[in-house]
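What follows is a set of notes on a single structure, which appears directly below.
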Amino acid sequence: HASLSCCYHSQLEAMRRWTGLDVFRRTFSVVLLSLAWVHLGHGVALRRARKGTTRSVSTELALQNFHNVQYVANITIGGQPISTLFDTGSAKLVVQSTRCDTCSRPVPPYDRLKSSTYQLSGLLYDITYGAGHCEVLRGFETIAVGGQNIEKQVFWEVRHHSIDLWTNAAYAAVAGMAPSLGEEESLLYRLGAEEFTMCLGRGSDAAARLTIGPLPSTSAGEVVTAELVGDDKRWVTSLGRITVVGSDGVASDDTELCPNSDCVALLDTGHSLIQGPMDQIMKLSNLIHIKPDCSNVQDLPNLRFELAGTVFELPPHAYVIRVTGADGEKERLWPILPTGGPNRPFKENTCHPAFMLGHGHWVFGMPFFRYYQTTFSRTEKSMKFVRVAPDCTPQTFAQNGSSVSLASSRPLRDPIDVEPLNINLSMLVQPAEDDD
């Protein structure tokens, strides 16, 4: 494999210069044979891994909430507990590692020298997230999730990165949970999980849960299903008719974005906010007049939109945030939030829309999962939504004639929804942009 042999090119070139040609040729042959043997061994192990069985017993992980923008739980990598963010917006298992000598890490990274099960692959790769990019090195390791061990799981150690968020993140690993990836690399496939479910509790510092495997039948609730669109590599479905509605249920006449359902939305458990194309986010923000002191949150309209033809609503508590953070982070407000432009003064502890400026498709992140429990099905290539109470208890939805609505059969607002969530701007998690 050229990709493997190239990793040794510089060392072999040095040997060629300092040794005789015959010695060089013999050494080169030994290295290539060794590489082929190692790669063949991994190939056999990975082909065996494809014979995994479907998971019949579910594992529920309690996710710890950090500043309402990061939800993490420990998995074990090479016998080491690693704090992990579970991300439906990316595909790979990426781990901060002691290989990065210059990285600042607030939580313990993975250390291959402490593992007896680590194996090197040698393939280098670049991954770009919304917050920056990283260079990673592929390896194989024993992973444990919820008590289930997986041997020779593909993972990627961070060697270098330009992601400021990771200097104070509450996690050391990002577990990509995209629907489509080569079987030898997919953590979900290796776990035998055909589906998994995410729900975030409401209220500042509320806990969350991730269920890997089928939900108990008593927790199913009334379900609305959205089929995936596109190439099935991401959890994307059709999006349309984005607007705001007042307490009387009447939609705004000023703006309706994506009126023909010609937009798409990525459902991203690893994204802290709601992101959309810059022009559409600015139009939507102009319909919502949030007082900086947060005094009118209860008077603001609901956000209404359609996913795969089904009407959804989010109340103000979902899309209004009170921004906190260190003084040095205030300059980051404009590149992220559509609040007044790059030169507007920013005051800490003020309220803003939980919208992020982006491009291309929309991304519905953590604000969505606080109101709609979402089950992601790998085999059915679909997502199933259940409206939930603040503690993730399923609620009913409305059925009006032939149309189904998750919007208005009962008030979405709860007493817990009066105060906006406090958000530390420096810890916002942004979506992956390129992780094929």
**Fill in**
Length gained if His133 through Ile288 is fully extended, taking 0.36 nm per residue and subtracting the Cα-Cα distance, is 52.5 nm
**Request:** May I ask you to order 189-202, 59-72 by the average number of other C-beta atoms within 10 Å around their residues, highest value first?
**Result:** 189-202, 59-72
**Item:** Inter-label distance, nm, simple model (7 Å from Cα along the C-beta direction), Lys381/Gln395
**Value:** 3.3 nm
**Item:** For the stretch 125-200: span of alpha carbons on each principal axis (Å, largest first)
**Value:** 34, 32, 23
**Complete:** Once Asp262 and Asp279 are pulled to full extension, the length gained, defined as 0.36 nm per residue separation minus their Cα-Cα distance, is 4.6 nm
**Relative contact order of the stretch 152-298, defined on C-alpha pairs under 8 angstrom at six or more residues apart (%)** = 14 percent
**Phi to ³J(HN,Hα) by Karplus 6.51 cos²θ - 1.76 cosθ + 1.60 over the stretch 377-389, Hz, x for Gly, Pro** = 10, 5, 6, 8, 6, 8, 10, 10, 10, 10, 6, 10, 7
**Prompt:** Seen from all sides and averaged, what is the projected area of the convex hull of the Cα atoms in the stretch 231-298, in nm²?
**Reply:** 6.3 nm²
**Prompt:** About its Cα centre, how strong a charge dipole does the stretch 72-134 have in debye, to the nearest 20, once Lys and Arg get +1 and Asp and Glu get -1 at the Cβ?
**Reply:** 140 debye
**Request:** Name the shape class, rounded, prolate or oblate, that the alpha-carbon gyration tensor gives for the stretch 123-280, where a ≥ b ≥ c are the square roots of its eigenvalues, rounded holds for a/c under 1.5, and otherwise prolate holds if a/b is larger than b/c and oblate otherwise.
**Result:** prolate
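Coordinate-derived values only; no laboratory data. Since the model is a prediction, treat every value here as computed from it, not as a measurement. For neighbour counting, all protein chains shown are included, and Cβ atoms are generated from backbone atoms with ideal geometry for every residue, glycine included.
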